[in-house]
Amino acid sequence: MKKSYGSWADTQLELVGVVERLLHEFVVSAGMDALGAVLEAERSDACGPRYKRGPERKASRTGHAAGELVLGGRRVRVMRPRARSRDGKEVVLPSWRRFSDEDPLRERALEQMLVGVSTRKYDRSLEPVAASIKTRGTRKSAVSSRYVAITTARMKEWLERDLSSLNLVVAMIDGVHIADHVMIVAVGVDAQGNKHVLGIREGATENAAVCTELLCDLRTRGMSTERKMLFVLDGSKALRKAVVDVFGNHARIQRCQIHKLRNVRDQLPEYMRSTVSSTMRQAYRCNNVVHARKLLQNLARTLRADHPSAAASVEEGLEETLTVMAMRLPRGLERVLSTTNIIENLIGSTRDLSHRVKRWRDGQMIVRWTATAVQEASKKFRRIAGYKDMPRLVAALRDHEALEREEKVA
């Protein structure tokens with residue numbers, strides 16, 4: 001009986017799979033043999049030719065010992081050639097030191113986590129090796145331990161790096177909710193429009209002590225407090241107070257217009273939200289600070305009788321929602337600097353990664369994941385929209401600083 005075309009195709013696919021597996025096993029086996037030859041050659045360099053003695057020999061052969069090397073994201077057991085120097089110390093062969101290093105294994109675990117491979121499926125994501133090769137280090141607990149180790153080390157190094165070389169002009173601060181915790185994220189923008197993640201701290205922006213700790217840490221790491229900077233904040237009074245306490249008169253504060261609009265909407269009945277939101281957007285987009293102020297004041301006056309809480313929210317910090325508009329910057333740059341959307345976009349990337357976690361064990365785990373996610377997202381940073389107009393922002397901040405000095409003298 002003739003086989004159908006479909007059965008022949010299935011057979012061919014099976015053969016291809018077998019060939020691929022055998023080929024991979026052959027390559028791995030050949031690679032292990034080659035590594036063994038390299039190690040033996042390095043031992044010969046140290047010990048000289050076999051069975052020949054001479055004054056030029058620096059060490060002597062002492063057989064083999066069981067050891068482990070890193071291969072394709074796992075540790076494999078191999079026999080290590082040994083040698084001892086004349087004073088009896090173990091000679092570490094250069095190739096053995098390189099291939100037995102733990103760091104590549106940790107990097108592989110981190111990369112797998114970032115692309116969405118769970119610790120349970122880590123072993124399945126690796127290339128197969130021959131059954132004759134004994135391996136370890138791919139179980140869930142081992143992978144998790146490596147991930148914790150590398151993310152903890154990276155987080156510490158990244159969050160303690162020096163900031164003094166950054167010519168920062170803008171700092172944006174906002175919070176992200178992860179499980180039952182809030183992470184405060186600070187992002188800076190330099191004079192060329194480049195974005196930089198400055199710091200992360202666990203705690204709500206409504207907590208003055210946490211906000212002050214974050215800002216003091218930025219100052220300790222080299223962020224200048226001696227020149228005018230624009231701070232774009234989420235609207236928290238505690239955060240505003242912390243900025244003023246740490247940076248004093250050198251801070252110009254812009255309240256995020258998006259946060260302000262949400263706060264007002266939340267205090268209105270459903271049928272009014274669309275109309276009020278439209279009015280506030282019109283004010284924030286008019287590019288004329290006098291007209292915008294008048295629109296917002298009229299809105300507050302309209303709401304005061306029936307919705308006093310919403311009216312009070314419109315009036316609270318009204319001038320600080322128009323700080324950037326008052327600088328008369330080009331519209332593109334003004335829109336970027338009037339909200340904390342830069343952090344909102346960063347937080348979106350953070351949520352994409354954090355959603356892969358099924359259970360948060362503690363606050364330290366949340367801090368590690370957030371720092372890792374933010375650091376990964378920051379690699380894709382581009383300059384802000386309107387970056388070519390950043391010199392105008394720098395000039396506006398300097399003019400305001402000069403005006404304050406003149407007023408003090410007067």
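No lab work stands behind these numbers, since they all come straight from the coordinates. Bear in mind that the values here come from a model prediction, so they are computed numbers and not experimental data. Using ideal geometry, Cβ is built from the backbone for each residue, glycine included, and neighbour counts are taken over all protein chains shown.
Values as computed for the structure displayed
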quantity: Trypsin sites (Lys or Arg not before Pro) restricted to DSSP loop in region 251-350 with at most 16 other C-beta within 10 Å; calculated: ARG304, ARG328
quantity: Neighbourhood charge, 13 Å Cβ-Cβ cut-off, centred on ASN249 and excluding it, Lys, Arg +1 and Asp, Glu -1; calculated: 0
quantity: Under 15 Å, Cβ to Cβ, from ARG405 - net charge with Lys/Arg +1 and Asp/Glu -1; calculated: -1
quantity: Anisotropy class of region 202-256 from Cα gyration tensor, a/c 1.5 cut; calculated: oblate
quantity: Computed lengthening from ARG97 to LYS237, 0.36 nm per intervening residue step minus Cα-Cα distance; calculated: 44.9 nm
quantity: SER224-SER309 FRET efficiency (beta carbon distance; Förster radius 41 Å; 0.05 resolution); calculated: 0.55
quantity: Binned Cα-Cα distance frequencies in region 163-409 - 10 Å width, integer %; calculated: 7, 30, 35, 22, 6, 0, 0
quantity: Estimated inter-spin distance, ARG273 and SER44, nm [label 7 Å along Cα→Cβ]; calculated: 7.8 nm
quantity: Phi-based couplings in Hz for region 303-313 (Karplus 6.51, -1.76, 1.60; Gly and Pro marked x); calculated: 7, 4, 6, 8, 9, x, 5, 5, 4, 5, 5
quantity: Percent antiparallel among DSSP beta bridges (both partners in region 163-409, rounded to 5); calculated: 65 percent
quantity: GluC sites (Glu not before Pro) restricted to region 171-230 and DSSP loop, no more than 15 other C-beta within 10 Å; calculated: GLU206, GLU226
quantity: Theoretical gain in end-to-end length, ARG405 to ARG262 [0.36 nm per residue, Cα-Cα removed]; calculated: 47.8 nm
quantity: Estimated FRET transfer efficiency when R0 is 35 angstrom, pair ASP180-ALA37 (beta carbons, to 0.05); calculated: 0.05
quantity: Radius 10 Å from Cβ of ASP174, net charge of other residues (Lys, Arg +1; Asp, Glu -1); calculated: -2
